[in-house]
1. Within region 1-34, track down each residue that is over 19 Å from the mean Cα position of the chain (by Cα) and buried (at least 20 other Cβ atoms within 10 Å of the Cβ).
2. Could you check how many residues of region 98-124 are among the small types (Gly, Ala, Ser), touching a residue at least 60 places away in the same chain (Cβ under 8 Å) and out of contact with any Gly (no Cβ under 7 Å at 6 or more places or on another chain)?
3. I want to confirm something. Restricting to region 104-155 and keeping residues that are closer than 19 Å to His3 by Cα and aromatic (Phe, Trp, Tyr), which single residue is surrounded by the most Cβ atoms within 10 Å (Cβ to Cβ)?
4. Restricting the search to region 105-128, which residues are outside any loop (DSSP other than H, G, I, E, B) and in contact with a Phe, Trp or Tyr (Cβ under 9 Å, 6 or more places away or on another chain)?
5. Take the conditions of a type in the set (S, T, N, Q), in the same structural domain as Met149 (by TED's automatic domain parsing), free of Cβ contacts under 8 Å to residues at least 40 places away in the same chain and within 23 Å of Val13 (Cβ to Cβ) and apply them to Gln85. Does it pass?
6. Can you name the number of the only condition in (1) surrounded by 18 or more Cβ atoms within 10 Å (Cβ to Cβ); (2) outside any helix (DSSP H, G or I); (3) in contact with a strand residue (DSSP E or B) (Cβ under 6 Å, 6 or more places away or on another chain) that Ala61 fails?
7. Please determine whether any residue of region 43-54 is in a helix (DSSP H, G or I) and crowded, with 20+ Cβ neighbours inside 10 Å.
Amino acid sequence: MNHFYFIRHEETVWNVENKICGATDIELTQRGHEQAIETGKKILEQGITADVILTSPLVRAKETARHISEITGIPMEVEPRLIEQNFGRYESTPRDGAEFHEAKKDMASRFGTGESMLHLAQRIYNLIDDIKAGDREVILVAHNGITRMVESYFRKMSNEEFSSCGIKNCEIKKYEKMFKDWNQNMYYGLMTKDHGKASDCIGCGKSEQVCPQHLPIRELLKDVSRTFHG
């Protein structure tokens, strides 16, 4: 399929309290339930069609997907790979904390007891590859941290852009043009086009063996994902 839609779950109790939810299973507020119903109506108004809604197994996403499914008639399925990243020691702490913002730039960190960005990239990139290879039109209902990784699949991002990236509750985003352009933007193609040498780091010009942290996040993580995936 050459496109898909992404929707972040609606408002939760911890969203209101400015806390990081992560893999903690937090319920929607009453307003969140109302927002999900409105999102379903908006999908109908915008003429958005799909064969299936794939949702994270966490209740805030499942309830959002359920409301949308009931309004639109689009069936829903739980997709385990869409579960939010486990942010370990940062869960329940302030979402705008300076330490957490910096911690998200460390691709290998598991935040103590959580999941690293590299592991998250593996499952999300593999899911997107499956959507591309399939023939179903898909709506994904998931989380802010998943949005960050989806964005990194399609475009170059600095560590700062990656850490700051997000999507609002209720927002509907379509990924289409970037799918069509993807074959022209493969890892070494980008580097060769921009610098002439596939071994040069785009960030500082050094060899990637010397300076992997300066490579654009999408290229670095996708390369690691391929290694894990075989």
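The values are calculated or read from the model by the stated rules, or taken from the named source; none is laboratory data. Owing to the predicted nature of the structure, the values given are computational and were not obtained by experimental measurement. Methodologically, a virtual Cβ is constructed for each residue, glycine included, from the backbone with ideal geometry; neighbour enumeration extends over all protein chains shown.
1. If the condition is that a residue be over 19 Å from the mean Cα position of the chain (by Cα) and buried (at least 20 other Cβ atoms within 10 Å of the Cβ), then Leu28, Gly32 are the ones that fit.
2. 1
3. Tyr125
4. As a first pass, look at region 105-128 and keep what is outside any loop (DSSP other than H, G, I, E, B): 117-128.
Met117, Leu118, His119, Ala121, Gln122, Ile124, Tyr125, Asn126, Ile128, listed by residue number.
5. Working: of a type in the set (S, T, N, Q): yes; in the same structural domain as Met149 (by TED's automatic domain parsing): yes; free of Cβ contacts under 8 Å to residues at least 40 places away in the same chain: no; within 23 Å of Val13 (Cβ to Cβ): yes.
Answer is no for this residue.
6. Evaluating Ala61 over (1) surrounded by 18 or more Cβ atoms within 10 Å (Cβ to Cβ); (2) outside any helix (DSSP H, G or I); (3) in contact with a strand residue (DSSP E or B) (Cβ under 6 Å, 6 or more places away or on another chain) leaves (2) as the failure.
7. Initially, region 43-54 is screened for residues in a helix (DSSP H, G or I), giving 43-45.
Among the residues that remain, those that are also crowded, with 20+ Cβ neighbours inside 10 Å are: 43.
Yes, there is a match, as at least one residue in region 43-54 is in a helix (DSSP H, G or I) and crowded, with 20+ Cβ neighbours inside 10 Å.
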